[in-house]
1. Counting Lys +1, Arg +1, Asp -1, Glu -1, what net charge surrounds ASN78 among other residues with beta carbon under 12 Å of its beta carbon?
2. Taking only C-alpha pairs under 8 Å that are 6+ residues apart, what is the relative contact order of the stretch 114-177 in percent?
3. About the Cα centre of the chain, what is the dipole size in debye to 20, counting +1 per Lys and Arg Cβ and -1 per Asp and Glu Cβ, all else neutral?
4. Give the percent of DSSP beta bridges with both residues in the chain that are antiparallel, rounded to the nearest 5.
5. If I model a spin label as a point 7 Å beyond the Cα along the Cα-Cβ vector, how far apart are those points for GLU49 and ILE174 in nm?
6. Which residue, chosen from VAL102, ASN157, ALA29, occupies the Cα position most advanced towards the positive end of the dipole of the chain, where the dipole is computed from +1 (Lys, Arg) and -1 (Asp, Glu) charges on Cβ about the Cα centre?
7. Rounded to the nearest 0.05, what FRET efficiency is calculated for TYR73 and HIS26 with R0 set to 41 Å and r the Cβ-Cβ distance?
8. Relative to the longest principal axis of the chain, what angle (0 to 90°, nearest 10) does the C-alpha long axis of helix 77-96 take?
Amino acid sequence: MARGLSPIASASGGSVGDRVPWGREHRRAYDERFDRTIMVAIIGEDLPEPANRVDLDPALADSHGIPAPRVSYTLSENSRRMLDHGIARAREALEAAGAREVAFNPLLRAGGWHLMGTARMGRNPATSVIDAEGRCHDVPNLYIVDGSTMVTCGGVNPTSTIQAVALYIADGIIRRRA
């Protein structure tokens with residue numbers, strides 16, 4: 001059975017919530033569902049949105065009274081339209097390839113995100129947190145070398161870019177120290 005699965009998997013059982021039975025039918029059902037299965041992930045770029053942010057939680061704090069971070073995220077209309085477009089194109093491709101069933105999960109909420117943009121890099125302390133060397137404008141000798149220095153990631157995994165920026169900043173720290 002050719003089967004196309006969707007853009008995003010679900011944690012509720014199977015790939016899209018359909019559980020494989022136990023007992024005599026297990027192997028047949030497993031083969032039918034997973035032997036010829038493909039999952040297509042639709043990944044889009046969220047544009048910077050003022051409502052999407054990391055700030056300090058007003059109620060939650062650690063044992064020292066330091067406020068915990070709070071992540072606020074709302075899927076914008078633009079992002080929703082990009083996902084819907086990607087899902088429609090994936091469905092067309094899977095059906096053209098002979099898929100007998102196409103299921104989808106329109107948004108994997110528990111999948112996590114690449115949190116970016118909370119410590120923007122820039123020249124102006126009024127509009128950025130760190131300078132081009134990765135040093136905080138307001139806190140001398142504090143360097144930030146993670147994804148928060150970038151305002152967006154272009155819809156792809158930013159790990160290599162984060163590593164490159166971290167190496168660039170580390171090299172600068174070493175150069176200035178010598």
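1. Net of charged neighbours comes to -3.
2. 30
3. Roughly 320 debye for the chain.
4. Counting only bridges with both partners in the chain, antiparallel ones make up about 55 percent.
5. If labels sit at GLU49 and ILE174, their model points lie 4.1 nm apart.
6. Positive-most Cα among the choices belongs to ALA29.
7. Given R0 = 41 Å and the Cβ-Cβ separation, E is 0.60.
8. Its long axis makes an angle of about 30 degrees.
FYI, it's all coordinate maths here, none of it is from the lab. What you see is a predicted model, and the numbers here were worked out from it, not measured in a lab. Note: ideal-geometry Cβ built from the backbone for every residue, glycine included; neighbour counts use all protein chains shown.
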